[in-house]
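Working notes, beginning with the structure itself.
Please treat every number below as a calculation from the coordinates, not as lab data. Please read all numbers here as calculations on a predicted model, not as lab measurements. Cβ: placed from backbone, ideal geometry, glycine included. Neighbour counts: every protein chain shown.
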Amino acid sequence: MRFSALRILKEGLTGNKGWGAHWRDPEPKAEYDAIIIGGGGHGLSTAYYLAKNHGLTNIAVLEKGYIGGGNVGRNTTIVRANYFLNGNSEFYSHSLKLWEGLEEDLNYNVMHSQRGLINLFHSDGQRDAFVRRGNAMVNQGDDAVLLDREGVRKHLPYLDFDNVRFPIYGGLLHPRGGTARHDAVAWGFARGADMRGVDIIQNCEVTGIDIENGAVKGVQTTRGAIKTKKIGMTVAGRSGQVAAMAGMRLPIESHVLQAFVTEGLKPVIDHVISFGMGHFYISQSDKGGLVFGGDLDFYASYASRGNLPMKEHVMEAGMTLMPMIGEAKVLRSWGGIMDMTPDGSPIIDKSHIDGLYINAGWCYGGFKAVPGSGSVFSHLIATDQHHSEATGFRLDRFRTGVGLMDEEGTGSQHNLH
Amino acid sequence: MRLKCPVCGERDRREFYYVGDAVALARPDPDAGEAAWDDYVHNRDNPAGVTRDLWQHEAGCAAWIVVTRNTVSHEILETALAADVKRAMS
């Protein structure tokens, strides 16, 4: 079923009776050429690109819950390519390019909106750092515009420019940055993969990984055993548990990151904005809710909900930056579980077990990476070679110290990112 | 979340600095080899359930504390001075 304007017209005239399910609900087969564990954004896009780019269609995505019910539906939907370091920079650039063609490619409206992202700075030192970052982005082939104070005021007149403690000096505008509707991204990839023959199996939790003589033989699940020679693990947030089934320990600690949404308001915030002092970022959803968040709670957690101190911090930062939002009522808050690595960058690599591929450690930046991650991870699974845009996400960089990607410059150690 | 400092009693979470998994209680020997040190510095069990981590009562008595807690429910099961835990291990 293809979506088109004509189709909408036809369905509108015939009582909308022709819209079917967006993907099948198949029983798991006894054997697949490859199995993807985890039906979140990364797992679904991996399956999609395995089928589309590599012709691998006898594959299954195993999801313990339902599609769109995990972290892919819990993030703050921001899409950007404003990374500084080699390794990250080319990968997120690759991912943003895929985003830009995604709706046409998937024939699905993921509401990708390149509304522009503005990172604010509040001191001369921060300005220097953003000039450097902006130059790195431009050198990568992406876009960055340095705004002075008046330049920011034209875009965001409602900020507290003369805040006594954190006056606004300017901002780095990334015009191609923006947002997308996160669950539509999951649905679009699920539908695209399904149309190419991929089995998407929900309510199917992997309970064991069968390994013989150092090679993958299959998985045990709550819906029976399934044989396969290749497993792609895309379970960020839960990577520690799934890796343990293969006898591995990963350089990952799971933390909770909170997010918030207000009641629906008339359009007021056109961009994605991040505060440069105190951790706070905000955008407005197409439904009208102000979607915002801050930093991790900073303790290991799988609770999917956070504690009050970080809520208070985020609200304080928001009020400091844009006092007008004090009038808005917060409707909901929730937490997502983040795979935190020591250097704050992800892992896309083979493991020491033949046929077990690892895609993990997305920290708090997994959503914008969804198309890019699927594209490069499917390449690794299909060809056993790293994709040219993702050669830096090696698992062994922590052991060797070579190629660490510490974007924040705080050190490669747990609890620093 | 409130943590019970063995010295000061129950206090707000904001008074404490979180270090992470209490691996430091079992630090490898200096000559234990690269694999042991890599494992110690980087790799974690990362359990969904009961875990043991190290906190410091930074804004209080500055004691290092081993907190046994549940990462799924945020329930605090036990707190003890790291020095006492370490002494009991040897």
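Counts of other chain beta carbons within 10 angstrom of each beta carbon in peptide A:20-27 average 0. Using R0 = 51 Å, the C-beta based FRET efficiency linking A:ASP105 and B:TYR17 works out to 0.65.
With both labels modelled 7 Å from their Cα along Cα-to-Cβ, the A:THR400 to A:LEU416 distance reads 2.0 nm.
Take every DSSP beta bridge whose two residues both sit in chain A; close to 70 percent of them are antiparallel.
By the count of other C-beta atoms within 10 Å, a proxy for reagent exposure, B:TRP55, A:TRP362, B:TRP37 are ordered fewest to most as B:TRP37, B:TRP55, A:TRP362.
DSSP finds beta bridges in segment A:51-206, and of those with both partners inside it, around 80 percent are antiparallel. Could you tell me which of rounded, prolate or oblate describes segment A:91-159, using a ≥ b ≥ c as the square roots of the eigenvalues of the alpha-carbon gyration tensor, with rounded for a/c under 1.5 and, failing that, prolate when a/b is larger than b/c and oblate otherwise? Oblate, because a/c is 1.5 or more while a/b does not exceed b/c.
Shielding value for B:10-18 is 3, the average number of Cβ atoms from other chains within 10 Å of each residue's Cβ. In a fully extended conformation the segment linking A:LEU308 and A:ARG249 would gain 18.1 nm over its present Cα-Cα distance, using 0.36 nm per residue.
Full extension of the chain between B:CYS8 and B:VAL50 yields a length gain of 12.7 nm, computed as 0.36 nm times the residue separation minus the alpha carbon distance.
Using a cut-off of 12 Å between beta-carbons, work out the net charge of the residues near A:ARG305 (Lys and Arg +1, Asp and Glu -1, A:ARG305 not included). Once all neighbours under 12 Å are counted, the net charge is +2. Rounded to the nearest 0.05, the FRET efficiency derived from the C-beta distance between A:SER333 and B:ALA88 at R0 = 35 Å is 0.30.
Using the structure shown, select from A:LYS311/B:LYS4; A:LYS97/A:LYS217; A:LYS97/A:LYS266; A:LYS287/A:LYS368; A:LYS10/A:LYS52 the pairs with a Cα to Cα distance greater than 26 angstrom. Violating the 26 Å limit, Cα to Cα: A:LYS97/A:LYS217; A:LYS97/A:LYS266; A:LYS10/A:LYS52.
All alpha carbon pair distances within chain A were sorted into 20 Å bins beginning at 0; the resulting P(r) in whole percents reads 26, 57, 16, 0. Could you compute the net charge surrounding A:THR77? Neighbours are other residues with a C-beta less than 13 Å from the C-beta of A:THR77; K and R count +1, D and E count -1. Charge balance in the 13 Å sphere: +4.
Across peptide A:300-307, the average count of Cβ atoms from other chains found within 10 Å of a residue's Cβ is 6. Each other residue within a Cβ distance under 15 Å of B:ALA32 adds +1 if Lys or Arg and -1 if Asp or Glu, for a net charge of -3.
Highest average first, the peptides A:199-208, A:173-182 ordered by how many other beta carbon atoms sit within 10 Å of their residues are A:173-182, A:199-208.
Distance from the alpha carbon centroid of segment B:1-71 to that of segment A:199-234 works out to 34 angstrom.
Peptides A:12-23, B:78-89 ranked from most to least packed give B:78-89, A:12-23, packing being the mean of other C-beta atoms within 10 angstrom over each peptide's residues. Normalised by the number of residues in segment B:2-89, the average gap of Cα pairs under 8 Å and 6 or more apart makes the relative contact order 29 percent.
Between segment B:73-90 and segment A:101-150, the C-alpha centres lie 46 angstrom from each other. Applying D = kT/(6 pi eta Rh) to segment B:2-89, where Rh is the Kirkwood radius over alpha-carbon pairs, T corresponds to 37 °C and eta to 0.692 mPa s, the Stokes-Einstein value obtained is 238 µm²/s. As a calculated quantity, the FRET efficiency between B:VAL41 and A:ASN213 at R0 = 25 Å, using C-beta atoms, amounts to about 0.25.
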